[in-house]
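The values are calculated or read from the model by the stated rules, or taken from the named source; none is laboratory data. Given the structure is predicted, the values throughout are model-derived calculations rather than measurements. Cβ placement follows ideal geometry from the backbone for every residue including glycine, while neighbour counts extend to all protein chains displayed. Ligands, DNA and RNA are excluded from the accessible area calculation, which covers all protein heavy atoms including side chains. Shrake-Rupley method; radii C 1.70, N 1.55, O 1.52, S 1.80 Å.
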Amino acid sequence: MAEKIDMEEGKASNGEAHLDEPLANGLNSPKKSSTEPLSERVKRIVLANLLVILTVAGVIIGVFIGLGVRNVALTRTQILYIGFPGELLIRLLKMIIIPLVVCSLVSGAASIDPKALGKLGGWAMLFFLVTTLIASSIGVVMAFILTPGAVTVGKPTVQGLDGDVPVAKEVIDSFLDLIRNIFPSNLVSAAFQSYATSYKLVTRNGTDGNPNITVEKVPFGTDQDGMNILGLVVFAIVFGVALRKLGEEGEILIKFFNSFNEATMVLVSWIMWYAPLGIMFLVAGKIVEMEDVGTLFASLGKYIACCIIGHAIHGLLVLPAIYFIITRKNPYTFLWGIFTALATAFGTSSSSATLPLMMKCVEENNGVSKHISRFILPIGATVNMDGAALFQCVAAVFIAQLNNASLNFIQVITILVTATASSVGAAGIPAGGVLTLAIILEAVGLPTNDISLILAVDWLVDRTCTVLNVEGDAFGAGLLQFFVDRTSKQEGGTELSEVRLEGNPTAAEPEHSPLIEKRGGREEKESAM
């Protein structure tokens, strides 16, 4: 059995293995002879793209179900029941986020040469920074062109959301919280809590007989609900580097994390087949929940259009253009390979929950090696928030226009820089970007009470934000794979050989259990020091 597997891997090194197996999206499917019957060809294409077809069908059917059920008088409890299958999908994805992120980063950091690790990290952070700045710039330009806040009748109002406005924090305290969360005091609590600053007012009487009383707003730390994914990411990377420094003593633990990681990805492959059903009910439940959509779009339609058009420009033109210019490959073929993950991002509105499916898609469909995807994608899901930065810039200019406040050049630059920086600390959860919008408004002196208008349509805008966020992560992984392949050819494959796939680096792996591959000795090689 072992010899047979070795022979199959020998074929893979020549790029000829698995010719008869349909891949997950058919991108790398071999060309069949022209004499193949049409029915067989259609059947092969459908099987190769079955998961994507089911996901698209799930979204479309969910829209029709939601629109049909909206005409029926339902109680709040019945609406919750409709969305239950979708809630189950989110719970399944969140269940494996922590083991997936921690194990993938530990094994990735431990398996990559330190020089290669530094190069990968540097290129990734450069790509994330540049694309986020571009997204922020697009948001500001779109807001000034479409002027969504230039209303003639009066400022739009939304009932019942005034109490949901997040408490504004000082800019310095927000960035100090970001640094504190990088170094969590308790790894166990970091799995479900993060650090946040609150304020209390302290009064002090004047000294030396001075009757004046001063009031000081003193910050103090609190624990808020929500995973501190940033702290877990930093710890996992440092821990992986430390295991590599141990040499042979750390090899056993590296193998443990590798095995844990592979088992988690098997669970992800099972969850992927439930995703179309869960997405269908997520979309249907959200459409049923919508109230007074006509009035909402009439008052905030220009703001919604501004955000969605900006996201479309960045996601369909800018990111693909960057990928094409660097790699000279078709970016839309790459996008088709991650369509299932993008649909999940739209349904769940959470980049963290989409992370498991994104890893599976880029590895099996787009030929990104495991070491790159499982090292870069968790980092990208934490720090790369193109969609959030764009939406925050649009929202800041929108609120300024609502209040007839003209923004000078310095304030515009402040919005760009603050949106880019604060998006790093934005939680990868629904409405995570709204919580950091208050930081931008405080930085340029705009009122934060108008955030209630943003919350009113956040259920829609946040979904396109999440799609753009995960798309940027995937393109970053694809560009790093190209960088590794090119560098390996230039340097003879000596320094970066560990982060390449065996044999053909662009060939997708077959969709079967990675535990079988381990028997053939492949995983042993990847985890060797």
How would ASP225, ASP450 line up by accessible area, probe 1.4 Å, largest first? ASP225, ASP450
Is the C-alpha gyration tensor of the stretch 221-288 telling us rounded, prolate or oblate? Criteria: a/c under 1.5 is rounded; beyond that, a/b larger than b/c is prolate, otherwise oblate. oblate
Heavy atoms of TYR195: accessible area, 1.4 Å probe, square angstrom to 10: 70 Å²
Ranked highest first by average number of other Cβ atoms within 10 Å, how do 42-50, 69-77 line up? 42-50, 69-77
Percent of C-alpha pairs per 10 Å bin, the stretch 278-340, short to long: 18, 28, 32, 19, 4
Please go through the residue pairs LYS245/LYS489; LYS115/LYS245; LYS94/LYS370; LYS119/LYS370; LYS329/LYS360 and name each one whose alpha carbons sit more than 19 Å apart in this structure. LYS245/LYS489; LYS94/LYS370; LYS329/LYS360
Show ILE338, ILE252 ordered by accessible area, largest first, where the area counts protein heavy atoms only and the probe is 1.4 Å. ILE252, ILE338
Of ALA236, PHE297, GLY310, whose Cα points farthest to the positive end of the dipole of the stretch 234-312 (charges on the beta-carbon: +1 Lys, Arg; -1 Asp, Glu; origin at the Cα centre)? GLY310
Can you find, among SER269, SER259, MET227, the residue farthest towards the positive end of the dipole of the stretch 187-269? Put +1 on the C-beta of Lys and Arg, -1 on that of Asp and Glu. MET227
Overall form of the stretch 47-135 per C-alpha gyration tensor (a/c, 1.5; a/b vs b/c): prolate
